[in-house]
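The structure appears right after this line, and notes come after that.
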Amino acid sequence: MAGGDQFIGLSDRGFLVFGRLIRQNGRLTEAHVDSRLDFPAPDGSTDPMGAGDSEGLARDKDGRLRISLEQNNAVWRIEDDGLTTQLPDPPETGQLIANGKYEALAVDDSGALYTLPETVIEKRRFVPLWRLDGEAWSKVRDVPLIDNFHPVGADFGPDGAFYLLERAFGLGFSNQIRRFDLSDPSDPGRVIWRTDEHLRANFEGLSVWQDATGRTMLTMVSDDNFLPLLESAILEISLDSLGPSR
């Protein structure tokens, strides 16, 4: 979402939407979808449910897209012709539970892809953060889980930090964002934002970008799971507005 005026959205039914974000006096007021791209599975299947619950989306600086799929245990790359290529599975994929696999994807400035699972293996209290550079995955670090929050979205900010969107369930949904300096293995991550004010909004997507005035913006999108009781929402806040927590 560089510049903040255009967006790419991913449906869990296996298609992308491309659109524009409209602001008045710097405040987000509208979102318009301009086009749609239905992408096939690497085997050529075009069954919309065959996408296997597509969840994570990341774009590198050259515009190339990667997606993650929870049910198919897979990470795919969308090629320039709209076809898809399956990338190597992250380690430990087969040990993860269904509907608890890879939702969060992010690409750093070098083009390396990062992902981490939503749920833990066995009795762990952490999830591993994996990095794909070329064709080989390596573990960057373990990310400790706190207060029943689990990873659902990620991005690298203009400051080079790794931002992690997490979600917890209770009477409704709660979300938080943690920021990590991945160059410091001892950095436990700092909670820079937390809310339970949007109990019916299941925020799962995160984009961190810089506006024309130099502000770092945190834009989140919710997944309504095709349920009328849940909200479809885009929430946008500036890092500057968070005060000392930043």
statement: So, with points 7 Å from each Cα along the Cβ direction, the ALA98-ASN148 label distance in nm works out to 2.4
- prompt: Length gain on complete extension for the stretch ASP38 to GLN86, per 0.36 nm per residue less the alpha carbon to alpha carbon distance?
  reply: 15.7 nm
- line: Carbon and sulfur atoms account, in whole percent of the 1.4 Å probe accessible area of the chain, for 48
Contour minus Cα-Cα distance for THR195 and THR213 (0.36 nm per residue): 3.9 nm
message: Using only the Cα atoms of the range 45-171, what are the Rg and Dmax in Å?
response: 14.3, 44
- prompt: For the range 101-170, what class follows from the C-alpha gyration tensor (a ≥ b ≥ c being the square roots of its eigenvalues): rounded when a/c is under 1.5, otherwise prolate if a/b is larger than b/c, else oblate?
  reply: oblate
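Does the range 105-246 classify as rounded, prolate or oblate by the C-alpha gyration tensor (a ≥ b ≥ c root eigenvalues; a/c under 1.5 gives rounded; else a/b over b/c gives prolate, otherwise oblate)? Don't jump to the answer; show the numbers that get you there.
Details: a/c = 1.56, a/b = 1.16, b/c = 1.34.
Oblate, since a/c reaches 1.5 and b/c is not below a/b.
Can you give the accessible area per residue of the range 124-209, in Å², using a 1.4 Å probe?
That works out to 45 Å² per residue.
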message: Give me the one-decimal nm value for the distance between modelled label points at ASN73 and LYS123, 7 Å along each residue's Cα-to-Cβ direction.
response: 2.5
task: Just grab the label-to-label distance for PHE169 and SER238, each label 7 Å out from Cα along the Cβ direction, in nm (one decimal).
output: 3.7
query: Normalised by the number of residues in the chain, what is the relative contact order in percent for Cα pairs under 8 Å and 6+ residues apart?
result: 11
- request: At a Cα cut-off below 29 Å, give the lysines reachable from LYS123, other chains included and same-chain residues fewer than 8 away excluded.
  value: LYS101, LYS139
- prompt: Over the range 21-119, what relative contact order in percent results from Cα pairs under 8 Å that are six or more residues apart?
  reply: 21
message: Which of rounded, prolate or oblate describes the range 156-237 when judged by the alpha-carbon gyration tensor and an a/c cut-off of 1.5?
response: oblate
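Highest mean first, how do 27-38, 77-88, 143-154 rank when packing is the count of other Cβ atoms within 10 Å averaged over residues? Spell out each step's value before the answer.
Details: 27-38: 11.0, 77-88: 13.5, 143-154: 18.3.
The densest-packed peptide leads the list: 143-154, 77-88, 27-38.
The values are calculated or read from the model by the stated rules, or taken from the named source; none is laboratory data. None of these values were measured; they are calculated from a predicted model. Cβ sites come from the backbone with ideal geometry, for glycine too, and all protein chains shown count toward neighbours. What goes into the accessible areas is simple: the full protein's heavy atoms, side chains included, and nothing from ligands, DNA or RNA. Shrake-Rupley method; radii C 1.70, N 1.55, O 1.52, S 1.80 Å.
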